[in-house]
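Engineer: The structure is given below, and queries will be raised subsequently.
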Amino acid sequence: MPLYTRNMPSSAYRLPSLSNAEFSALTLTQKRIVADKLLSTLYFGLPKAAFETMIQSPSFISDIQTMITQQRNDISAIETRLNDNGEEGHEFEFWRWPEGTEQISRILARLYILEHLDKHFIDYWSAYVLSSTIMFSPAYELESSHLPNIDRVYGDLVRHQRDECSIEYLTFMHMISEDNWRRFRSPEDNGREMLEIFLLDFNDSHVPIAAQTLKNWKLDRDSDTLVIGLDDNTQPVSLFGTSVTDGFDFYRELAKSDAFVKGSASRLVDIYFPNHTQTQKNGIIDDLIDSDIGTWQDLLLQIVFSKAYLLDSDKPKSAEELFYAQSRKTYFGYRPDFFSRFAQSLLEMHQAPMKYKLGRYTEVPLDTQSFLSYHKAIREGMMVQNKLIYSDGWITSGWQAEMLLGDSVFAGVPANNPKAAAERLIDHLFLSTLVRPATQQEKNFFTAHFLDADGAYQYEFDLFQEDDPLEGRIRAGIAVMDYISRLAEFYRFAKVSQ
């Protein structure tokens, strides 16, 4: 089992990636959809001007692939900001309740204040994705799991990926950890779950064999810690096409077995291709297996950059995929407790990361209650207010009007043409958020609201007020953002291929 390897270059991917030439051959509409899907899936986004410029690059795909191999973020400065929780003027306020909020909200805040899409960002992103799956969930909902397990599991995933540990070694280290045994606490339970989770091996006859190798492993109920006794199993048994004896043999050979990469790939393919047929999924999995996977990021990034995902996958956005992209597009400003509120909202929409024993659902929960909580969190927490700081020090979270709705939006549009200015603002907001222009029907709907019968601005929507030119734009912006937050397309990744 190799301990360390190197993340494979994109040129070594066997699951076909979207090439620069193929991206450049897309229509402008398709480029916007694909580029937005790629960045949003990585929990990133760009303001409209930067986004429109970047997608015109003939090397857009390789530009992103290069970015994520570089180290541009100052991670020490990030940790200083997160830990600066003085009584006054502190940037963040991490609640301790509901349970897990403090730990999760800190992780959520870190992902947002990382300024650049780089190697550090991908280490944090991939650790977040993995620790919310059935494979690595700290499962803090269980009585046997404790809140520090969130930071331990997540932190270990970050550090191991930072060091480019092999997929086998990283998983082996997790399987032998106390954190893993807090989820599955007996030799029978742990052995069965490791077989099922990582190998998709549901053969009940293998469970007592696995349990025999783990007979001296237990989570001690009195001391609440993992104990590995010295009464190791001494009778070799046959598993994974080889001979194993003790628990360390079991975990090591499991991670080395032929079925391990296939099972691990299957877990991730289910997340990113929920609407593909099993036959289609199997083809994607086969290509991943053929790639000689070295690290977990080799699996994740190969999926995200693939033509199959960027062109063909159609899936609901997770709350994080939507929030992080939109917040960066709109220069989102947050109040100190925003990320605690976001963590609580994820719980209410049944998308809580790292909470569940069997991981988060592979598909975004879209039952009425879950989606209602999802829509409410995004609409009220992001879309229908801009960031304001009042004279008494009270702060609201939201998009920042001075940066989003500046005069450059109206370049070339005369102030005495209210309809043209209003349509320019509407298009700007649609392109910034949905990465498409508004339809003429949508423009007519809003201009009828913003203008009077004579075509002049309604007072509250005057986009060029002399005393405060932003006031009317903010009101108009909130109306448009409210509408966008109600569109089904806002919550989905569309496919390009027909």
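Engineer: Specify whether the C-alpha gyration tensor of the stretch 107-248 places it in the rounded, prolate or oblate class, a ≥ b ≥ c being the square roots of the eigenvalues: rounded for a/c under 1.5, otherwise prolate if a/b is larger than b/c and oblate if not.
Structural biologist: prolate
Engineer: Still on this structure, I have one more. Can you find, among Ser345, Gly412, Leu130, the residue farthest towards the positive end of the dipole of the chain? Put +1 on the C-beta of Lys and Arg, -1 on that of Asp and Glu.
Structural biologist: Gly412
Engineer: Magnitude of the Cβ-charge dipole of the chain, K/R +1 and D/E -1, about the Cα centre, nearest 20 debye?
Structural biologist: So the magnitude is around 1020 debye.
Engineer: Moving to a separate point now. Check the straight Cα-Cα distances from Lys387 and name the aspartates and glutamates below 14 Å, setting aside those fewer than 8 residues away within the same chain.
Structural biologist: By straight Cα distance, Lys387 reaches Asp337, Glu402, Glu471.
Engineer: Can you give the relative contact order of the stretch 40-198 as a percent, counting alpha carbon pairs under 8 Å and 6+ residues apart?
Structural biologist: In percent, rounded to a whole number, it is 19.
Engineer: Would you mind calculating the relative contact order of the chain from Cα pairs under 8 angstrom and at least 6 residues apart, reporting the percent as a whole number?
Structural biologist: Taking the mean separation of contacting Cα pairs over the length of the chain, I get 20 percent.
Engineer: Moving to a separate point now. Check cross-link reach from Lys215 to the aspartates and glutamates: straight Cα distance under 14 Å, and skip same-chain residues fewer than eight apart.
Structural biologist: Qualifying aspartates and glutamates at Cα under 14 Å: Glu188, Asp189, Asp231, Asp232, Asp246, Asp249.
Engineer: Let me ask you something else. Which trypsin sites (Lys or Arg not before Pro) from the stretch 155-223 combine a DSSP loop assignment with at most 10 other Cβ atoms within 10 Å?
Structural biologist: Passing sites in the stretch 155-223 are Arg221.
Engineer: Could I ask something else about it? Which value in nm describes the separation of the simple spin-label points at Asp454 and Leu372, placed 7 Å from the Cα toward the beta carbon?
Structural biologist: Taking the two extended label points, one gets 4.6 nm.
Engineer: While we're looking at this one, here's another question. Rounded, prolate or oblate: which fits the stretch 141-222, taking a ≥ b ≥ c as square roots of the Cα gyration tensor eigenvalues, rounded meaning a/c under 1.5, else prolate when a/b beats b/c?
Structural biologist: Oblate, since a/c reaches 1.5 and b/c is not below a/b.
Engineer: Here is a follow-up. First obtain the Kirkwood hydrodynamic radius of the stretch 1-109 from its Cα pairs, then insert it into the Stokes-Einstein equation at 37 °C and 0.692 mPa s, and state the resulting D in µm² per second as a whole number.
Structural biologist: D, rounded to a whole number, is 187 µm²/s.
Engineer: According to a simple spin-label model (label point 7 Å from Cα along Cα-to-Cβ), what is the distance in nm between Ile389 and Glu22?
Structural biologist: Output for this residue pair reads 4.7 nm.
Engineer: Take the Cα pairs of the stretch 89-173, get the Kirkwood Rh, then feed it into Stokes-Einstein at 37 °C and 0.692 mPa s and tell me D in µm²/s.
Structural biologist: Estimated diffusion coefficient is 238 µm²/s.
Engineer: Expressed in nm to one decimal, what extension gain is obtained for the pair Gln278 and Glu93 from 0.36 nm per residue of sequence separation less their Cα-Cα distance?
Structural biologist: 62.2 nm
Engineer: Then there is this: Among Trp97, Trp296, rank each residue by its count of other Cβ atoms within 10 Å, from fewest to most, as a rough exposure measure.
Structural biologist: Trp97, Trp296
Engineer: Computed FRET efficiency, Cβ-Cβ of Gln465 and Ile113, R0 45 Å: what is it to the nearest 0.05?
Structural biologist: It comes out at approximately 0.85.
Engineer: Right, another one. Note down the relative contact order for the stretch 405-493 as a percent, whole number, built from C-alpha pairs under 8 angstrom at least six residues apart.
Structural biologist: 24 percent.
Engineer: So if I take the centroid of the Cα atoms in the stretch 250-314 and the same for the stretch 126-189, what is the distance between those two points in Å?
Structural biologist: 20 Å
Engineer: Another question, if that's okay. If neighbour count is taken as other Cβ atoms inside 10 Å, put Ile209, Ile150 in order from fewest to most.
Structural biologist: By the 10 Å Cβ count, ascending: Ile209, Ile150.
Engineer: For Rg and Dmax of the Cα atoms in Å, pick the label among [x] 29.1, 106; [y] 21.7, 72; [z] 25.0, 91 that corresponds to the value derived from the coordinates.
Structural biologist: The listed entry that was calculated here is [z].
Engineer: Rank these for me by crowding, Leu114, Leu434, going from fewest to most other beta carbons within 10 Å.
Structural biologist: Leu434, Leu114
Here, each number is a calculation from the coordinates, and none is a lab measurement. Everything quoted here is computed from the prediction, not taken from an experiment. Quick reminder, even Gly has a Cβ in these numbers, built from the backbone with ideal geometry, and neighbours come from all protein chains shown.
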